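Here is the structure we will look at, set down as structure tokens.
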Amino acid sequence: MKNQTRKIIKISGIISGGLIIAVFIIITIALNFVFTPEKLTPVVLEIANRNLNAKLDMKGVELTFFSTFPRFGLQLRNGTLVSRAIRDTMWQRTDTLLSFKKATLVIDAMDYLQQQKVNIHHLVLDSANIYAYKDKTGTANWDILLSDTTNTASSSTDTVKHVNELNIGQVAIKHATVTMDDRDTHVFANLWDMNLSLKANMKKGHSILNLDFKNKNVLFWQNGQLIANHIGIHLKTDIELDTVHRILFLRDALIDINGTELGIKGTLRHDAMAQVLDLDLQYGLHAPSLETVLHMIPESILKKAEVSAKGEVTFKGKLKGAYGKQKLPLATLDIKIKNASARYAGLSYGIDKLDADFYGQIDLMRNNPSYLNLKIFHFKGANTNISADMEVENLLTDPDITFHTQSTIDLNALEQAFPLQESISMEGKVETDLGVHCRLSSIKKQDWGRIKAEGQLKTDKLVLRDTQRHFEFISNASLNFTGNEWLGAHAKIEDMILRSPRLNSDMKSLVATVKTTPVKDTTRMARVECKMEMHKLKVALGDSLGLFCGKSSATLKVQPGEHDPGKPRIGLVMEADTLFCRMGEVKAGMNKAGIGVTVEQNRDSLWMPKGIVGFNHMAIRIPECALPIHMQKTSVTVGNRIITLRNATMRIGRSDVTANGAIHDLYGAVKHHKVLRAKLNVASEHLDCNQLIHSISFPSDTLTAEADTTATNLKLFVIPPKLDFELQTNFRQVLYEKVIFNDVHGAVDIRNQSIHLKELSMKGMGSNMNTTLVYQAKRPEQGFAGFDFRLHNINIGKLVDLAPSLDTIVPMLRSFEGTVDFNVAAAAVLDSSLNIKIPTLRSAIHVKGDSLVLMDGETFAEISKKFFFKNKKRNLIDSISVNISIKDGNVTIYPFEISMDRYRAAVGGTQGLDMNFDYHISILKSPVPFKLGLNISGTLDDMNFKLGKARYKDAVTPAEIHKVDSAIVNMGRQIEKDFKKIMKR
């Protein structure tokens with residue numbers, strides 16, 4: 001019997017297991033071959049788009065079972081839902097209601113078919129972007145449900161299945177960004193990293209919902225004004241829904257706002273006729289007590305510690321009214337603290353008495369007044385007595401602020417009354433009896449004269465310090481305000497120190513007097529004058545900007561603008577014995593500095609300065625140059641974004657420069673990395689290019705730069721970007737290598753990280769010269785150089801001194817003596833040591849001279865032996881005209897005619913830059929009755945001479961010479977085109 005039972009169980013288990021396996025196999029086949037994403041996606045999209053006033057689109061729909069076991073589900077990927085309620089053509093795409101990366105839906109279809117009950121087991125949206133938009137007419141992009149056009153009253157058949165119950169197991173939205181853009185009520189809000197969890201059981205007449213909502217930050221604007229920011233919210237509540245009357249009931253909802261827990265209760269009712277949502281909500285502290293209020297102080301300031309407190313505390317508010325077309329609810333807040341006291345365990349002092357009465361009301365629709373009213377604030381304890389009251393009217397338009405305080409504060413004792421974090425400390429005493437009345441618009445417009453202040457404020461050895469935030473403030477100050485109707489004050493500050501991550505400042509002393517000239521016209525700025533005497537001011541903004549001012553006096557004036565009397569024009573007249581500033585690695589120092597500047601506000605964020613800055617002497621150091629720049633007594637005019645220089649004389653090492661002209665938009669170049677433009681006339685008595693090039697090539701080598709140097713062992717120097725300079729030069733003397741040039745005139749452009757010398761004329765080496773040169777270097781590894789030199793009547797020997805590389809390229813020059821006209825155009829790529837990369841060299845050279853002397857040498861002796869010349873030490877040549885080209889590493893000397901004694905010959909050939917050459921000399925006229933040719937090949941150290949036929953009999957005719965001249969000219973023109981391309985704006 002037992003064996004038979006076991007056999008039955010075994011067979012049943014095998015059959016059941018087989019059936020389960022079969023079912024799983026069938027499901028697997030169905031998921032992978034029948035209900036594939038390619039087949040499901042168009043079906044789901046067609047059904048959704050037919051039933052929604054919107055267009056749903058997605059990358060794919062997948063039927064799931066194993067990931068949603070034991071139920072089937074749908075997984076949607078990369079979807080967007082575009083509302084058809086808003087016809088939007090703007091780039092903002094306000095019709096795009098929803099986009100998501102992944103969505104999962106698990107629903108029980110059998111419950112709906114059998115019991116008219118909808119069971120949503122699982123609905124998750126991941127990484128969603130929700131854009132809720134309402135236009136000025138009240139049309140919303142979330143109104144996407146199609147209205148039922150069927151006549152349900154006349155339905156005689158029960159073909160339509162009604163939903164009797166809706167159960168939601170879990171609806172979750174994870175890591176969503178929500179934007180609310182309501183153009184109807186001018187509200188704009190952003191919720192970042194929103195997470196929502198919702199569970200619900202919805203039946204006819206009555207439903208219960210469980211809601212858990214949290215987000216990291218809320219940004220809220222209304223009518224272009226920032227109302228709230230940096231607010232984290234966590235809401236947990238159970239909501240009852242009366243579907244008959246369309247009312248939501250909130251009972252004991254708990255909301256956490258930046259760590260403060262509030263309780264909320266009330267109702268939300270939907271008025272279908274008026275298309276509005278009526279709100280009647282009350283909120284307050286979850287546990288109202290002074291202990292709760294103290295725990296609202298951020299833990300970054302106070303430690304969480306045991307505190308005993310007593311007294312009455314009320315913290316409550318209302319949100320009441322309609323939300324809909326052109327409607328927003330009214331919000332109130334009422335805080336009262338009466339006869340309260342508290343003491344933290346283990347501390348010497350406590351709060352002996354605390355009273356406060358505050359009420360605030362905000363109506364964003366402006367139907368009721370919005371205001372804040374602090375009727376009383378009274379704190380007593382720890383040798384401190386603070387009394388204050390404040391009222392702010394017209395909160396949403398132009399807040400009218402009235403504030404008064406009469407206080408004696410002992411920070412040494414207060415530090416022992418509260419459990420401050422170890423990083424926070426405070427010392428000193430503050431005494432104040434001060435009343436202030438002003439409008440916020442006066443502060444925003446810098447209309448300081450309209451601030452009414454009366455009373456005094458004194459600090460004695462005040463110290464506020466937070467080592468964790470790297471903050472410190474120390475001051476001894478006395479401020480007396482004497483203006484009943486207009487701002488008037490006398491201030492004295494000593495030994496003030498401010499330390500913070502962004503700003504550091506030290507000041508030995510400051511004495512200031514402020515007075516205002518009354519004006520009746522409320523549309524004009526009040527005239528305010530502040531006279532100051534200051535001693536030893538240091539200011540540093542991070543690591544980028546620093547300022548030091550020794551003893552100085554200044555007058556600061558605020559008055560109506562010339563163009564718009566409603567905007568300020570600020571004038572500053574300042575004298576300082578020493579002024580030093582640092583901007584990044586740029587340093588500048590002045591003595592006997594004088595500043596007379598006015599700035600006028602043209603737009604909200606645009607100030608236009610103009611005036612004069614002068615000094616007796618200024619020294620500047622920049623990281624791109626090893627030598628300091630010294631400027632003598634100079635005044636600089638500033639205005640209309642232009643800095644004007646008049647005879648600004650500076651010395652850089654052994655070089656002097658005097659500049660006249662204008663520099664444009666220096667602020668834009670420094671602050672916004674715009675192009676710095678300048679148009680200057682530059683003159684100099686002496687310019688030492690060797691020293692200047694060395695100081696730019698080796699900007700950190702300050703000792704060598706000061707010494708006598710020649711331009712040897714140099715490296716490529718990068719031209720700074722964002723420069724566009726146009727210079728007109730007039731240099732009396734310029735030293736380069738061992739050559740001195742005089743009377744240098746011409747234009748120089750600096751642009752595109754390039755320097756362009758345009759047709760500079762000069763005198764040097766006993767010759768008149770014209771020069772065009774382009775130098776470009778965008779990175780220290782490689783650069784470009786090109787030039788076009790035209791030298792008139794220059795001695796050949798000095799020509800080789802000017803450009804020693806010519807002796808390598810055209811070695812025959814060393815055999816000649818006399819003066820020539822020398823024209824050369826060349827372009828090449830440079831390496832990091834300013835050496836020419838030979839394969840990139842292109843050049844066209846023309847040499848022309850009369851009455852030259854061919855010097856006797858080893859080479860000429862061998863040639864004269866072959867042709868039976870009369871060998872002389874000085875052999876006179878009537879004339880010479882040579883064309884030479886360099887390309888692809890080869891030098892081509894085109895055939896040219898040379899006449900000497902009783903001989904006329906044609907000379908030409910090729911030469912590699914490795915000094916291997918192949919020259920030919922054809923004798924065109926000689927005492928010998930036949931024409932001969934001489935081939936010369938090899939190197940300078942190993943030359944081979946061989947007689948042969950004359951190859952250049954027809955190569956020096958006028959037609960052939962014209963062809964050669966044209967080829968050389970064309971090469972020169974191409975090089976000039978390359979120059980223009982580099983310098984093109």
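Bear in mind that the values in this text are calculations on the coordinates, not laboratory data. These numbers come from a predicted model, not from an experiment. No Cβ is skipped: glycine too gets one built from the backbone with ideal geometry, and neighbour counts run over all protein chains shown.
Cβ under 12 Å from A683's Cβ, A683 left aside: what net charge do those residues give with Lys, Arg +1 and Asp, Glu -1? Please list the in-between numbers first.
On the way: positive: R732; negative: D656, E685, D743.
It works out to a net charge of -2.
Which value, in debye to the nearest 20, gives the size of the charge dipole of segment 258-408 about its Cα centre, when Lys and Arg are +1 and Asp and Glu are -1 at the Cβ?
Working: 17 positive and 18 negative charges, 71 e Å.
Magnitude of the dipole: close to 340 debye.
Restricting to bridges with both residues inside segment 438-522, how much of the DSSP beta-bridge set is antiparallel, in percent to the nearest 5?
Numbers: 31 of 31 bridges.
Here the share of antiparallel DSSP bridges comes out near 100 percent.
Treating only the Cβ of Lys, Arg, Asp and Glu as charged (+1, +1, -1, -1), what charge dipole size does segment 203-307 show about its Cα centre? Round to the nearest 20 debye. Walk me through the numbers on the way to the answer.
Numbers: 11 positive and 13 negative charges, 56 e Å.
Result for segment 203-307 is approximately 260 debye, rounded to the nearest 20.
For K798, which lysines qualify as cross-link partners when the Cα separation must be under 22 Å and same-chain residues fewer than eight apart are set aside?
Within the straight-line cut-off, K798 pairs with K738, K763, K848, K873.
Taking K and R as +1 and D and E as -1, what net charge do the other residues with C-beta under 12 Å from the C-beta of L281 add up to? List each step's numbers first, then the result.
Details: positive: R251, K265, R269, K316, K318, K320; negative: D278, D280.
In short, +4.
Straight-line reach from K949: which lysines have a Cα under 24 Å away, not including same-chain ones fewer than 8 places off?
Partners within reach: K865, K866, K870, K925, K931, K963.
With charges only on Cβ, +1 for K and R and -1 for D and E, what is the dipole size of segment 648-797 about its Cα centre, in debye, rounded to 20?
On the way: 16 positive and 15 negative charges, 85 e Å.
Dipole of segment 648-797, to the nearest 20 debye: 400 debye.
Could you count how many Lys pairs in segment 258-408 have their Cα atoms under 18 Å apart, skipping same-chain pairs fewer than 8 positions apart?
Total qualifying Lys-Lys pairs in segment 258-408 comes to 20.
What ratio of Cα Rg to 2.2 N^0.38 Å holds for segment 258-408? Don't skip to the answer; put the middle values down first.
Values: Rg = 18.7 Å, N = 151, 2.2 N^0.38 = 14.8 Å.
Compactness ratio reported: 1.27.
Using Cα positions and a limit of under 19 Å, work out the lysines in reach of K445, with same-chain residues fewer than 8 apart set aside.
K515, K520, K557, K567
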